[in-house]
Every structure is written in structure tokens, then in C-alpha cells.
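Scroll down for the structure; my scribbles are underneath it.
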Amino acid sequence: MTYSAPVVRAPMAVQRPEDAHVLLARLETSMEGLIELIEAETKLVRDGKLFAAAELEDKKTEYARAYVELMESAKAQEQTLRTLLPQQVDKLRVRHEEFRALLQMNLAALKTARDVTRNLVQGVARRMGQVEAPQTYGSAGTLTDQRRVLASGVALDRSY
């Protein structure tokens, strides 16, 4: 899947209705692209494909940067936009709230994946560290104090 975020170099000045249309269209395109990436990332994380999800990070950052720059430009000119295109500004505000809800779900999925991964790695490390030392008797006829041998390391196969 290919993504192409709108590149924003500077705030866009809104002086006419056409300028307002362009700014709001760019903002909506940026948001939609970011939503698409976040949904793809959330699906990959839920499917356990964490490495594939991590590969989306650069594009997600690019989209997020464009979205933030456009949003800052729109906020700085909110009164002008509201005067020129009040209905579209309201529509965009509603879409932004839906976007925030999606972000919350994405963050919850990422937190769950992080917690599961951490617990799994800790469990493996604990299990590997529980090497049973042989129980032997010393010269006094009592069990000797054998030190446990800790695991020397864990290898991770990233080929899948």
C-alpha cells in the first residue's frame, strides 16, 4: 500500500473562499491519510505483526507532521474560515472528534501489544533463569547450597 502525505512548508494564508476550500481540503486529505495509516497499524498490531506495524512509523510521522502544520494554520485563521465556510468548518470539527476517538483506540491497541510483549519477555527471562541446580549432600550429610546458574542470554528471531 502506498501513501502520499501532502507536504506543507508554510502556513497557508486564507483571504478568499477558494483559499479556505484548499486549506480545508488539504487538512481533510491529511487527516484521511493519517486515519488510513493508523487503522492499518492497529490491524497489524492486533494480528501480532509488530515488525510490519513498525514499518509504517515513518509514513505515519510524515502524515502527522503535515496534519499538525495544517491544523495550526487553520486554528490561526479560524475566524476567517468560519466566516467564509462555516458549514465545512463544523463538518471538519466533527471529523476531528471522530479522529481523536480512533487515536484513543490505536493507543490502547499499542499499549496492549507493548504490555503483552513485555510480559512475554519477562516470563521467558524468568523461566530461563529458573535452572534447577542439582541437589547434593555435603560432608555433614546436609544439602549443599548450590547457586543457580542464570540464563546467559536470549536470542530473538526476526525472520518472520
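The values are calculated or read from the model by the stated rules, or taken from the named source; none is laboratory data. All values reported here derive from a predicted model rather than from experimental measurement. No Cβ is skipped: glycine too gets one built from the backbone with ideal geometry, and neighbour counts run over all protein chains shown. These accessible areas exclude ligands, DNA and RNA; they are computed on the full protein's heavy atoms, side chains included. Shrake-Rupley method; radii C 1.70, N 1.55, O 1.52, S 1.80 Å.
Element breakdown for segment 1-125 at a 1.4 angstrom probe: carbon and sulfur atoms account for 56% of the accessible area. Taking a straight line from the alpha carbon of Lys59, these lysines sit under 21 Å away, with near neighbours fewer than eight places off in the same chain left out: Lys43, Lys49, Lys111. Modelled label positions at Val121 and Asp90, each set 7 Å beyond Cα in the direction of Cβ, lie 5.0 nm from each other.
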